[in-house]
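The values are calculated or read from the model by the stated rules, or taken from the named source; none is laboratory data. Bear in mind that the values here come from a model prediction, so they are computed numbers and not experimental data. All Cβ positions, glycine included, derive from the backbone under ideal geometry; neighbour counts span all protein chains shown.
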Amino acid sequence: MSSLTGKMEENMKRAVPFAIAVALLASGSSHYAQAQALNENTVRLVHVSRSDLSGSSGKILPTITRGVQEQAQQELNSNSELKSYLASRNVQLNNVVKIDKAANGEMIIYVK
């Protein structure tokens, strides 16, 4: 019977931290963690010129259309932490033309 009790205790030791993590994520703490994660290691700024936007520069960039720019501005306006971070990096917010996410989770901000 003691081995059964030992296994139950071991399972509880694993379950409690998991339950706490789930509760924190459900309560909106993930938003706070995301805000804390905005730094030069998680946000990459890519400066593009007019020739980059027109495709004549020879650089390989994602397509940036007026619709993409409007979507980036809407996303930016709904994310005050990102706006604050970019302002701290001296980025003029109206020059953000695209917001993308890399495969590693890094946020890529294209700025004209």
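Can you report the number of residues in the stretch 91-112 which are assigned to a loop (DSSP other than H, G, I, E, B), crowded, with 16+ Cβ neighbours inside 10 Å and modelled with pLDDT of 90 or more? Break it down into steps so the answer makes sense when it comes.
In the first step, residues of the stretch 91-112 are kept if they are assigned to a loop (DSSP other than H, G, I, E, B); the result is 91-92, 102-106, 112.
Still in the running and crowded, with 16+ Cβ neighbours inside 10 Å: 91, 112.
Then drop every residue that is not modelled with pLDDT of 90 or more, which leaves 91.
Selection size over the stretch 91-112: 1.
Within the stretch 70-90, identify whether any single residue is assigned to a strand (DSSP E or B) and at pLDDT 90 or above, and answer yes or no. Checking the stretch 70-90: not a single residue is assigned to a strand (DSSP E or B) and at pLDDT 90 or above.
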